[in-house]
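Here the structure comes first, spelled out in C-alpha cells, and everything after it is commentary.
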Amino acid sequence: MFYNCTSLIKAPDLPATTLAKYCYWEMFYNCTSLIKAPDLPATIMEYCCYASMFKNCNSLTQAPELPATTLAMHCYNSMFKGCSNLTQAPALPATELKFCCYEWMFASCTSLEKAPELPAKELAARCYRGMFFLCTNLTQAPRLPATTLAPWCYRDMFRKCSKINFLRVSFTDWGEQSRFAVEPPTWDTDSWVYGVASNGTFICPVELPEEFWISRIPEGWKVLKTKD
C-alpha cells in the first residue's frame, strides 16, 4: 500500500486483531522517512502476514510490540531487514515455530544492540536463518535452548555479527548435512558464526563435539561445558 513512499513519516493505525494470508506484506517497504511504526495487536499470525513489512525503513528506531504466540510460515520473514537505525527489538514470546518464521527478520539492523530472547525449544526448518545477519552492534547472542536442530534452522544466523563474543546452546550434536532445497548439501548451522569476534566464549552441553570453524564453534573461542 505504501511501498516506496519515501516521504511517509507516520504510519496509519492498524487495529486489526484478525489477519489474513499476506496481510500487511511489504506494506511500508522502502518507506525511508518512517519514524514510528503502528501498533500491531494481532496474537495469531497468518502466512506471510508481516513479511518485509518495514524492510529498509532506515529511519525507524523502535519496533512495535509483537504479542503473537501463534506463528505461521514466513510471518516475520525480513520484517525489519535493512532498518539500520533500529536499536531495540520487540519481545518474541512464541514457543512453537513455523517454517521460515523469523528468517532474516533483523538482517542488516546495524544499530541493534540487544537481541530478543528466543524461548522456543523445538525448531522448524529455516526458522532463524539469517535472523541477525550483519547486526554489527550485537555483542551477545540470545540463549538457544533447543536440544535438536532442524534443516537450516541456524544457517547464517550470526553471520558478520562482528561484535558477538558469547554464545550458549543446548543442542547435543551438530546434526547431519542437509539436502534441504539446495545442492550440494549444507549444514543446519552453515556459516552461522562467520565473521563474529575473534575471541569469545561458547557454552554447550558436554555431549556436543568440539569442532571449530565457521559452521561450528568459532575458532579462537573458549569452550565451557555444562550439564544443564
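Below is a table of values for the structure above.
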| item | result |
| --- | --- |
| Some residue of the stretch 201-210 being closer than 28 Å to N56 by Cβ and either modelled with pLDDT of 95 or more or surrounded by fewer than 21 Cβ atoms within 10 Å (Cβ to Cβ) (or both) | no |
| Selected residue (criterion: nearest to E117 (Cα to Cα)) from residues of the stretch 74-93 that are hydrophobic (A, V, I, L, M, F, W, C) and crowded, with 22+ Cβ neighbours inside 10 Å | L92 |
| Whichever residue in the stretch 41-55 is surrounded by fewer than 23 Cβ atoms within 10 Å (Cβ to Cβ) and of a type in the set (A, V, I, L, M) and, among such residues, is farthest from L86 (Cα to Cα) | I44 |
| Boolean, F99 is assigned to a loop (DSSP other than H, G, I, E, B), of a type in the set (F, W, Y), more than 27 Å from K36 (Cβ to Cβ) and in contact (Cβ under 8 Å) with a residue 12 or more places away in the chain | yes |
| Number of positions in the stretch 188-228 that are among the aromatic types (F, W, Y) and either in contact with a Gly (Cβ under 7 Å, 6 or more places away or on another chain) or in a loop (DSSP other than H, G, I, E, B) (or both) | 4 |
| The stretch 56-65, residues that are assigned to a loop (DSSP other than H, G, I, E, B) and surrounded by fewer than 23 Cβ atoms within 10 Å (Cβ to Cβ) | N56, N58, S59, T61, P64, E65 |
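Yes/no per residue for (1) part of a loop (DSSP other than H, G, I, E, B); (2) out of contact with any strand residue (DSSP E or B) (no Cβ under 8 Å at 6 or more places or on another chain); (3) on the phi < 0 side of the Ramachandran plot:
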site	(1), (2), (3)
K114	yes, no, yes
A124	yes, yes, yes
C127	yes, yes, yes
F132	yes, yes, yes
T136	yes, yes, yes
K160	yes, yes, no
I164	yes, yes, yes
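The values are calculated or read from the model by the stated rules, or taken from the named source; none is laboratory data. Note that the coordinates shown come from a computational prediction; the quantities given were computed from them, not determined experimentally. With ideal geometry, Cβ positions are generated from the backbone for all residues, glycine too; neighbour counts draw on all protein chains shown.
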